[in-house]
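Heads up: the structure comes next, in structure tokens.
The values are calculated or read from the model by the stated rules, or taken from the named source; none is laboratory data. In this text, all values refer to a predicted model and were calculated from it rather than measured experimentally. For neighbour counting, all protein chains shown are included, and Cβ atoms are generated from backbone atoms with ideal geometry for every residue, glycine included. Side chains are part of the model used for accessible areas, which takes the heavy atoms of the whole protein and leaves out ligands, DNA and RNA. Shrake-Rupley method; radii C 1.70, N 1.55, O 1.52, S 1.80 Å.
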Amino acid sequence: MLKYLISAIAFASILVYTNAECVNCDSRHDINCLYDNMLSTNCTPWDNQCFVRIDDDGSTVRGCLNSLSGPEQFQCTGQNCMSCTNLRIGTGFHPGCNNVIFPEHRIRCHVCNSTTNLRDCLGEQTSPATICSRFVDGDSCFIMRRGDSFARGCVSDEPVCLQENACYTCIGEGCNFANVTSIELPEAPIGGNSANTISAISFIAFALCAILLMRNN
């Protein structure tokens, strides 16, 4: 019996945690937070867990689990939040267990603007695609033409591309790679005709109609 007890203690000793070292960042302030190459920092002595989550606006946040409120820690499950524990396995220790791409399947698109780099944005894209700055389930990539200017990126970052026939859109890893001369591009509307702008215009028009009706009565 003593033999098994000693073995159990020995096994536990190689699967113990020390104070967690977690990646602490927010993609709203550091775009590198989207990737898995950030350095970790120490957490409080009693905290052995890290987290990575997607906030309501699609931003990626990483940190020590005890920096979250009790309800937030309890709800850190599923697609939008993951918690993990740094374990010492044998003689090796790899801190920053939250230093991973999250969610793993998030889309990447080619991002460029012809106003800053005309030649490279017009031609076929051969460099690696970029993780979209905000995670939106069902996101897609776009190529947009406005007059003589072109842009590529993630639809989640360009609401005008949600409008029908405003942009060339596609779904898949770096799918917006094609040379602009090889595909038929629609003409995107000039200005910020996003859904919010359209809603604001509709509200103003409704208010004006209501005022006119009140005056006539």
To the nearest 20 debye, what charge dipole does the range 67-165 have about its Cα centre, counting +1 at the Cβ of each Lys and Arg and -1 at the Cβ of each Asp and Glu? 240 debye
When Lys and Arg each count +1 and Asp and Glu each count -1, what net charge do the other residues less than 14 Å away from ASN113, Cβ to Cβ, add up to? 0
Mean shadow area (nm²) of the C-alpha convex hull around the range 108-170 is 4.3 nm²
Of 132-145, 40-53, 161-174, 71-84, ordering from highest average Cβ density within 10 Å down gives 132-145, 40-53, 161-174, 71-84
Potential lengthening between SER83 and GLU164 on full extension [0.36 nm per residue; Cα-Cα distance subtracted]: 25.3 nm
Compute the relative contact order of the range 18-94 as a whole-number percentage, counting only Cα pairs closer than 8 Å that sit 6 or more residues apart in sequence. 33 percent
Please give the net charge around ASN32, taking every other residue with its beta carbon less than 13 angstrom from that of ASN32, where Lys and Arg add +1 and Asp and Glu add -1. -1
Once the piece of chain linking VAL100 and ARG119 is laid out straight, how much longer is it, given 0.36 nm per residue of separation minus the C-alpha distance between them? 3.5 nm
Please report, to one decimal in angstroms, the Kirkwood hydrodynamic radius of the range 18-94 built from all distinct Cα-Cα pairs. 12.9 Å
Accessible surface, the range 18-94, averaged per residue in Å² (probe 1.4 Å): 56 Å²
Relative packing of 60-68, 23-31, which averages over residues the other C-beta atoms within 10 Å, highest first: 60-68, 23-31
